[in-house]
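Here the structure comes first, spelled out in C-alpha cells, and everything after it is commentary.
The values are calculated or read from the model by the stated rules, or taken from the named source; none is laboratory data. This structure is a prediction, so every number in the text was calculated from the model and none was measured. Note that we place each Cβ from the backbone using ideal geometry, even for glycine, and neighbour counts take in every protein chain shown.
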Amino acid sequence: METQTNLNPPIKKIKLDFKDSIYATGRRKKSIAKVWLKKGTGQIHVNGKKMIEYFVKENLQMAVIRPLSYLKRETEFDVISTVKGGGLSGQAGAIVHGIARALVEFEPELKPTLKKSKFTTRDSRMVERKKFGRRKARRSFQFSKR
C-alpha cells in the first residue's frame, strides 16, 4: 500500500474574463512578460498567483504598480501577466514595461506622460558577456609577480 504525499499542490487557474482586454509585451534583461490589461478593480496576477504572493519584496511590488500609480489609476485596471526568464527584478521591470505599453494601446493620449517618465522605453542594459583570458567580463585572473 503506497501513500502519496503531494508536496506541490496544483496551481489554481485564475478565472477572469479577459476577452475585451489589451495585450502587450514587456522586456527587461532576460525576462519577457506577456501582459493583458482590462478595465476592472485593480487586481494584478503574475503567473497564476496574486502579485503580492509572487513578488514578496515590497520594492518589487511597488515597481510593478508604478505606471498605474503614476497615472493615479491603481484601482481602474486588472492585469494578468505571464513572465519567463531572468530574476525577480528583471521580471518586475518587464511587467512594468508591458503595463505601460498596454496603457498606451488602451489610451493613446497617455503616451507623452508615460514616455516622459520613461515607462515606455525598453531598458537595453544586459549582462556583459564573459571574455576569454579573463575570469568574468572584465575581471582578470589574479596576478602573481613571484
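Within the stretch 77-107, the only residue that satisfies the criterion of being within 16 Å of Met51 (Cβ to Cβ) and of a type in the set (D, E, K, R) is Asp78. May I ask you to verify whether Glu76 is without any contact (Cβ under 8 Å) to a residue 40 or more places away in the chain and under 22 Å from His45 (Cβ atoms)? When the stated conditions are applied, Glu76 passes them.
For the condition at pLDDT 90 or above and either basic (Lys, Arg) or within 28 Å of Ser21 (Cβ to Cβ) (or both), Arg125 qualifies.
Within the set Lys118, Lys130, the sole residue that is assigned to a loop (DSSP other than H, G, I, E, B) and either modelled with pLDDT under 90 or closer than 22 Å to Ile44 by Cα (or both) turns out to be Lys118.
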